[in-house]
Amino acid sequence: MSKDYNHTKAGGVLRDRAVMGVMLLSAVVTFAVYLPALGNGFVNWDDPTYIYKNPMIKSLDAALFKWAFTSVVSGNWHPLTLLSHAIDYAIFGPAPFGHHLSAIVIHGINTALVFLLSIKLICATEWAGGYKARAITASLTAALLFGLHPLHVESVAWISERKDILCALFFLISLCCYSSYALKRRAGEKGGLLYALTLGSFVLALLSKPMAVTLPVVLLILDIYPFGRLADSRAGETARTVILEKIPFFALSAATAVTAILTQKAGGAVGSIDAYPLVSRLAVASRAVIFYLYKALWPVKLAPYYPHPGKVGFFTSIEYAGSLLLIIAITAAAILLYKRYRVVAAAWAFYIVTLLPVAGIVQVGAMSGADRYSYITTLSIFLIIGLFVSLICEKLFKGRLLACVVVTAIVMALPLGALTVAQIGVWKDSVTLWSHEISLYPDSVPIAYTNRGIAYGTRGNFTDAIEDFTRAIEIQPEHAKAYFNRARAYSETGKQRLALTDLTTAIELKPRYANAYFNRGTAHANLGQYKEAIEDFLAVTELSPGALEAYAHAARAYALLGDDGKAAYYYKLSREIKE
């Protein structure tokens, strides 16, 4: 067992054929396992908004770029993600196959980057010990855990979550560039280009998804360990200079964080302090820290939507109190073991920091968590597991690289691959997705019944659709969208009066519900109630002045009432809006 592997110079690992070969292996295995996703379709959760009902992505022109950089879509500002969807549409058209293919390719590249980053970091620590097999085995384990873990299926198989994998792509590139930059600085070299690439990649990550705001703090963690830059006075390296070079990163993070909160708040996604008190938020955040750790180690019962428990406290549930105590225990252990096992403290700090934006302190939406939030966060956990696996392989195979790589690849790929393929099947279509959610949370997620009902309605199965909408209303009586969609199903089956009742309820719950007014106007017209229909169509024009269909329907209703003057007036308005 030769002790001759100490690639601490920037870019050194890239000149090693074994490293490059194993890095390619991790990407290829990941790509192969995700191939079943190519047979999946779209789902009716954000996919209509981002892709198949989005007219803006259908042409690559100046209007697209203006829209991408100035629009907030589903409460998010992420222009690079929107542009990526447009590029997919230009290449592959509206079929889901190509959009899934792009996601799988990006995820495969991310897996390779995780391997590259892992080996850069490991070779800068005492853990490599100079042994090639140890460093490569640890990095391969981390990469395959990242690439094949079923917890990451949501980010890859859900087309609308392109923002996750695209953000991670540039986040990882930034970390890889910074690792090389830090090693150059330790060697007394400048590294200006690498610094620029680190900053540029960070900007692209932020333009993909705001979750990248934690990167400046992650860089400081790496400065402490494994690079030791804050304690290194060589080549002009002082704590002051190391921190000063992070100012552009922190400035960008602050601007992005403020923008993200404002856009989410404008879209009504940020929960108020009354709905989610501070103690409740801290309790949920504590649970989230342990929740994602648990899911990373035991990935069972993965769901697209984990419902928020509402107002809770540390002392109202054993789960929340236990989570807080476990966090304290792990943190205390990391501190106590810092001198001997600094890697544990660094990994735990990375995990906590990268999880903070989505832990629930700033409550966005009505979920307590989501698998996609773990995409970057679990990286440090996987790296720690990789280090232990490498030590085991070293004992078993006496440092023989080929044996370590082959056994690690098989042991990782087979069980994780099977779990991931099964989880990919959950995202096959809308009915399958929401049926899975309902099987896990049958009494607490009304959106699951609503979205499955919409999917049934799209298939023409209005009986099952009505049952699902009714169940959603039973769970959440103030669920306006469920009333609206049940009314559509009633209309399709000729039950106009039932549709009218549901639409009236939807409007009472959501007074500015333009679509509900329009559909109620249509229902009134179908029943010959033209005066009431006109009132509803004109209400739509007040809420949405550009709704030409409302003007046209009002004109028809006036014509049926014999008021040709007003009919002509509203027909003229509809034509002017169309032009």
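The values are calculated or read from the model by the stated rules, or taken from the named source; none is laboratory data. From a predicted model like this one, the values you see are computed outputs, not experimental measurements. No Cβ is skipped: glycine too gets one built from the backbone with ideal geometry, and neighbour counts run over all protein chains shown.
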| request: Kindly indicate which of Leu391, Leu355, Leu336 is farther than 18 Å from Trp127 by Cα, assigned by TED's automatic domain parsing to the domain that holds Leu151 and over 27 Å from the mean Cα position of the chain (by Cα). | output: Leu336
| How many of the residues making up the range 14-50 are among the β-branched types (Val, Ile, Thr), at pLDDT 95 or above and in a helix (DSSP H, G or I)? | 4
| more than 27 Å from the chain's Cα centre (by Cα), small (Gly, Ala, Ser) and buried (at least 22 other Cβ atoms within 10 Å of the Cβ): does that describe Ala472? | no
| field | the range 175-192, subset small (Gly, Ala, Ser) and touching a residue at least 24 places away in the same chain (Cβ under 8 Å), residue nearest to Ser380 (Cα to Cα) | value | Ser179
| Which of the residues spanning the range 466-488 are under 12 Å from Ala448 (Cβ atoms) and of a type in the set (D, E, K, R)? | Asp468, Arg471
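Residue-wise test of (1) within 18 Å of Pro307 (Cα to Cα); (2) of a type outside the set (D, E, K, R).
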{"residue": "Pro442", "(1), (2)": "yes, yes"}
{"residue": "Tyr456", "(1), (2)": "no, yes"}
{"residue": "Ile466", "(1), (2)": "no, yes"}
{"residue": "Asn485", "(1), (2)": "no, yes"}
{"residue": "Ser491", "(1), (2)": "no, yes"}
{"residue": "Arg497", "(1), (2)": "no, no"}
{"residue": "Tyr513", "(1), (2)": "no, yes"}
{"residue": "Gln529", "(1), (2)": "no, yes"}
| message | Go through (1) over 22 Å from Met23 (Cα atoms); (2) buried (at least 22 other Cβ atoms within 10 Å of the Cβ) for Asn110 and report which single condition fails. | response | (1)
| All positions within the range 236-249 that are over 18 Å from Gly188 (Cβ atoms) and surrounded by 16 or more Cβ atoms within 10 Å (Cβ to Cβ) | Lys246, Phe249
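Yes or no, residue by residue, for (1) in contact with a His (Cβ under 6 Å, 6 or more places away or on another chain); (2) under 30 Å from Leu419 (Cβ atoms); (3) surrounded by fewer than 17 Cβ atoms within 10 Å (Cβ to Cβ):
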site: Leu38; (1), (2), (3): yes, yes, yes
site: Asn44; (1), (2), (3): no, yes, no
site: Ile57; (1), (2), (3): yes, no, no
site: Asp61; (1), (2), (3): no, no, yes
site: Ala68; (1), (2), (3): no, no, no
site: His85; (1), (2), (3): no, yes, no
site: Val105; (1), (2), (3): no, yes, yes
| request: Quickly run through the range 179-219 and pick out the residues that are modelled with pLDDT under 95, part of a helix (DSSP H, G or I) and surrounded by fewer than 17 Cβ atoms within 10 Å (Cβ to Cβ). | output: Gly192
| message | Conditions first: (1) surrounded by 16 or more Cβ atoms within 10 Å (Cβ to Cβ); (2) out of contact with any Gly (no Cβ under 8 Å at 6 or more places or on another chain). Phe537 passes all but one, so which condition is the exception? | response | (2)
| query | Taking interchain pairs and intrachain pairs at least six residues apart, which have beta carbon atoms under 9 angstrom, with the first residue in the range 543-559 and outside the structural domain of His524 (by TED's automatic domain parsing) and the second aromatic (Phe, Trp, Tyr) and surrounded by fewer than 16 Cβ atoms within 10 Å (Cβ to Cβ)? | reply | none
